[in-house]
Amino acid sequence: MSKYLGQLVTVFSGMNGAELAKGRVVAFTEGTQTLYILNPQTGHETSVMIQEDTLVKVLTN
C-alpha cells in the first residue's frame with residue numbers, strides 16, 4: 001500500500017468496474033488495506049478499502 005503514497009490514482013470496483021475514487025493518495029493503513037484519497041478538484045478525502053478484486057490504476061501527470 002505504501003507504494004501508492006503520493007501517487008495520483010483512480011480506484012475501480014472489481015465487481016462492476018465503477019470508479020470508487022480519483023485523486024492523490026495522502027495516507028494508508030496496512031492493517032485494513034485502506035487508501036485515503038484526496039480529490040484535488042473538490043478537496044474531499046475518500047477512504048477506500050482495497051480488496052482482492054479492487055483495481056488501483058496509477059495516473060501519470
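The values are calculated or read from the model by the stated rules, or taken from the named source; none is laboratory data. Predicted, not measured: the structure shown is a model, and the values here were computed from it. Using ideal geometry, Cβ is built from the backbone for each residue, glycine included, and neighbour counts are taken over all protein chains shown. Side chains included, ligands, DNA and RNA excluded: accessible areas come from the protein's heavy atoms. Shrake-Rupley method; radii C 1.70, N 1.55, O 1.52, S 1.80 Å.
Which of the GluC sites (Glu not before Pro) across the chain are loop residues per DSSP, with 13 or fewer other Cβ within 10 Å? Present the calculation step by step, with values, prior to reporting the outcome.
Working: sites: GLU19, GLU30, GLU45, GLU52; in loops: GLU30, GLU52.
Passing both the DSSP loop test and the Cβ count: GLU30, GLU52.
Each Cα pair of the chain feeds into the Kirkwood radius, which the Stokes-Einstein equation turns, at 37 °C and 0.692 mPa s, into a diffusion coefficient of 288 µm²/s.
Residues in region 16-32 carry Karplus couplings, in order, of 10, x, 5, 6, 8, 6, 8, x, 9, 6, 9, 6, 7, 10, 6, x, 9 Hz; the curve used is 6.51 cos²θ - 1.76 cosθ + 1.60 with θ = phi - 60°, and Gly or Pro positions show x.
Short-range pairs are left out: with C-alpha atoms under 8 Å and at least six residues apart, the relative contact order of the chain is 36 percent. Surface composition of the chain: carbon plus sulfur atoms contribute 51% of the solvent-accessible area (1.4 Å probe, protein chains only, all chains present). The residues of the chain expose, per residue, 67 Å² of accessible area to a 1.4 Å probe. Quote the charge dipole size of the chain about the Cα centre in Debye, to the nearest 20; the model charges only the Cβ of Lys and Arg (+1) and of Asp and Glu (-1). That gives the chain a dipole magnitude of about 220 debye.
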